[in-house]
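Here's the structure we're looking at; comments come further down.
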There are 4 protein chains.
Amino acid sequence: MMKVTYNKQLTALLVIDPYNDFISEGGKIWDRLKTVAEANDCIPHMLQVLNAARKAEVRVFYALHHRYRPGDYETWKYIAPIQEAAWSHKAFENGTWGGEIRPEFEPKPGEIVATEHWCSSGFANTDLDLLLKTHGIHKLIVIGLIAHTCVEATVRFAAELGYEVTMVKDATADYSDEDMHAALDINIPNYASAILTTKQVVDSIASL
Amino acid sequence: MMKVTYNKQLTALLVIDPYNDFISEGGKIWDRLKTVAEANDCIPHMLQVLNAARKAEVRVFYALHHRYRPGDYETWKYIAPIQEAAWSHKAFENGTWGGEIRPEFEPKPGEIVATEHWCSSGFANTDLDLLLKTHGIHKLIVIGLIAHTCVEATVRFAAELGYEVTMVKDATADYSDEDMHAALDINIPNYASAILTTKQVVDSIASL
Amino acid sequence: MMKVTYNKQLTALLVIDPYNDFISEGGKIWDRLKTVAEANDCIPHMLQVLNAARKAEVRVFYALHHRYRPGDYETWKYIAPIQEAAWSHKAFENGTWGGEIRPEFEPKPGEIVATEHWCSSGFANTDLDLLLKTHGIHKLIVIGLIAHTCVEATVRFAAELGYEVTMVKDATADYSDEDMHAALDINIPNYASAILTTKQVVDSIASL
Amino acid sequence: MMKVTYNKQLTALLVIDPYNDFISEGGKIWDRLKTVAEANDCIPHMLQVLNAARKAEVRVFYALHHRYRPGDYETWKYIAPIQEAAWSHKAFENGTWGGEIRPEFEPKPGEIVATEHWCSSGFANTDLDLLLKTHGIHKLIVIGLIAHTCVEATVRFAAELGYEVTMVKDATADYSDEDMHAALDINIPNYASAILTTKQVVDSIASL
């Protein structure tokens, strides 16, 4: 695997879906993610990477899933199974606590929030690519949820669009070890130029 | 020019930027559009087309320009002149009357509002293409503002993406007759399969 | 899982990467795919689905990987690992037998070949979405190679773009059962509305 | 208008459609472009800019229109008027002299040719955005044909995608002065951050 380097002009941190429904006690999907997330210290790691980026002035971007709103999907003729599931669970319902960002991950002034994505990729049908380009970004450090759906989708799209991706492997989580393995060991190595630990990434960022 | 036909399954009305800042007395840009808009009865025509679509159950979509919010553009390294202008005028400022849709054009339940666009095309960096596809739409009837910027951009992108476009030539307006002429007579005829009057479109829709 | 139906107006068969390098004895990657491909009769199944589509006049589209040409990638600053691998192996080298379509899968007149894709998704940076739209297609039946790279990527992008996808699970192959499992059982069920056998798909198509 | 600066790492020259059919004596469309093109020395200017870029090692990209091939468009349900025209004229017919690049503009090794575009924008349904990104490009200097169709479309899309554009106003041409005026004076000023003469651009590039 190539040696990836970072610099503040070209590099951004991309935080995917840090919603209460995913990563807070009491969130709709937390119980399904908890075992994996607690085993690898996912939430503290996400926070360490975020804080390191903020301290080093590496710009932070957010890719957020569509928050469920009444009427969504009702008129669609074509819908993917993962969207049917989001519809039936009302995941990240707009105006509810579950659809809010977990407080420690709340975007700060100067951090960039892309428009919400309808399916899994933070790039599909959003302004994420535009916002990265208008800031001159070519290298992404990716953290967040869920490894084999939104994270993998966003990493795949990033590579297709020409971005160089670093995946932080202990700052993500999934429903099971098998799902994590599919994402981190089978698929993402084809698209991410580096797959690193939180410690490795924090050290790299700190030296910028 | 080919003879365009419509049917309810494949056809949608696309309403572009019916903001108070554009089309209401007192709006920030209204004074610059007023002469052309009053000469061709733009606003009443837009309303006639919208009402005809609603009555015939032709689905209605909205393409809306990004509403200015504090912090926008400040960190961008690259920005187009039309965005610099929007930035300096705070066009469609979020939370203000100018950034609201003129009341008669307010979306109704079952009508689809795409995410806001940052520049001129309703398709660029938004979910408009996705939402049209999930509803099975291939034919667009286009009305709204401003002819040579957002309207022309959206028509051009629609054609590039494979949609069949009808432009309603007296349900749009511009800063000057020359700008209207550039849009309606020079450019849009290359991309729209039909350029019709409100009367022609309303008659066609009414017969569906 | 929803019950998927097909009709000739809305449905297309999408054939992914039927190159000699992948699916012919002597191809550069065939030895790595052979075990899985022979176990599930991948190639005969692909051919059965293709013939059924042709007989029923379901339109056929091809998504083909970029054929290696001298100079490719040499000037790129950013490149994904899977592209580095394609570069070093000169996969599907232009002008060589390995970069030709296996003869039984050669496109016939009226079948549509999208521009070549650089990474894994048949949609990324190609005209596939345009060509599907100009033909009125909303439903895709997907066959081809390799399950967890180009096939999964294309299925994911199709769902993100609003297409309804059927995956033919025994008309694809991979390097290992584990890779197949990751694609067919873990990831694709989130994005494909149906995952069927060749027999099921051929029967459905035959009844159109 | 902002003061645009260039540097070799971020800047590329984009040459649009330098086909014999457009810019060579005997080309299918040359007679319609000749008056404007000869009045502003379009072809010599295009060549001066190209040579300046090559000398300064500013990377050169080509956006080329789809070359007509038998069968094209025949099965399309939806088609834009400009594509119907290209179809009926067999513009840039593949395998003919008219579909070849005029010899002085032939790409050299290390210059990048995007996949062909079907309509007017060099970005729509092509790999141009990817190829610019993989080379780290954010600033485009645009020359070529035709001002109000492919050139304007490509400039508009470039701005929508976040690129900073310089238009070289005497290195393009059109059917009439009115068409040139619509492109150069009415529309492109909204999307290009600078509209310069060949002399100005050549001087800027020479100083890099």
Notebook entry, point to check: What are the residues in the range B:76-105 that are more than 14 Å from chain D (Cβ to nearest Cβ) and within 11 Å of B:Asn20 (Cα to Cα), if any?
Noted result: B:Phe92, B:Glu93, B:Thr96, B:Trp97, B:Gly98, B:Gly99, B:Glu100, B:Ile101, B:Arg102, B:Pro103, B:Glu104, B:Phe105
Check: Looking only at residues in the range A:61-75 that are closer than 30 Å to C:Val165 by Cα and in contact (Cβ under 8 Å) with a residue 40 or more places away in the chain, which one is nearest to the other protein chains (Cβ to nearest Cβ)?
Finding: A:His66
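Among the listed residues A:Thr198, A:Thr134, which satisfies the condition of being among the polar types (S, T, N, Q) and either buried (at least 23 other Cβ atoms within 10 Å of the Cβ) or out of contact with any strand residue (DSSP E or B) (no Cβ under 9 Å at 6 or more places or on another chain) (or both)?
Unique residue meeting the criteria: A:Thr134.
Kindly check whether there is at least one residue in the range D:76-84 that is more than 26 Å from B:His117 (Cβ to Cβ) and not basic (Lys, Arg).
yes
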Check: What residue, of D:Val58, D:Val49, D:Val4, is more than 14 Å from every other protein chain (Cβ to nearest Cβ) and not acidic (Asp, Glu)?
Finding: D:Val49
Next item on the list: Select, from B:Ala171, B:Ala183, B:Ala147, the only residue that is over 17 Å from B:Glu38 (Cβ atoms), touching a strand residue (DSSP E or B) at 6+ places or on another chain (Cβ under 9 Å) and either away from chain C (no Cβ under 14 Å) or crowded, with 24+ Cβ neighbours inside 10 Å (or both).
Entry: B:Ala183
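C:Thr115: more than 14 Å from chain B (Cβ to nearest Cβ), in contact with a Ser or Thr (Cβ under 7 Å, 6 or more places away or on another chain) and not charged (D, E, K, R), yes or no?
It is true that C:Thr115 is more than 14 Å from chain B (Cβ to nearest Cβ), in contact with a Ser or Thr (Cβ under 7 Å, 6 or more places away or on another chain) and not charged (D, E, K, R).
Test A:Leu140 against the criterion of being within 23 Å of A:Gln48 (Cα to Cα), among the hydrophobic types (A, V, I, L, M, F, W, C) and within 11 Å of chain D (Cβ to nearest Cβ), and give yes or no.
no
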Check: Looking at the range A:94-122, which of its residues are within 25 Å of C:Asn190 (Cβ to Cβ) and touching a residue at least 60 places away in the same chain (Cβ under 8 Å)?
Finding: A:Gly98, A:Gly99, A:Glu100, A:Ile101, A:Arg102, A:Phe105, A:Gly122
Notebook entry, point to check: Does the range D:1-51 hold any residues that are among the basic types (Lys, Arg) and within 21 Å of D:Phe92 (Cβ to Cβ), and which are they?
Noted result: D:Lys28, D:Arg32, D:Lys34
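No lab work stands behind these numbers, since they all come straight from the coordinates. This structure is a prediction, so every number in the text was calculated from the model and none was measured. A quick note on method: Cβ atoms are made from the backbone with ideal geometry, for glycine too, and the neighbour counts reach across all protein chains shown.
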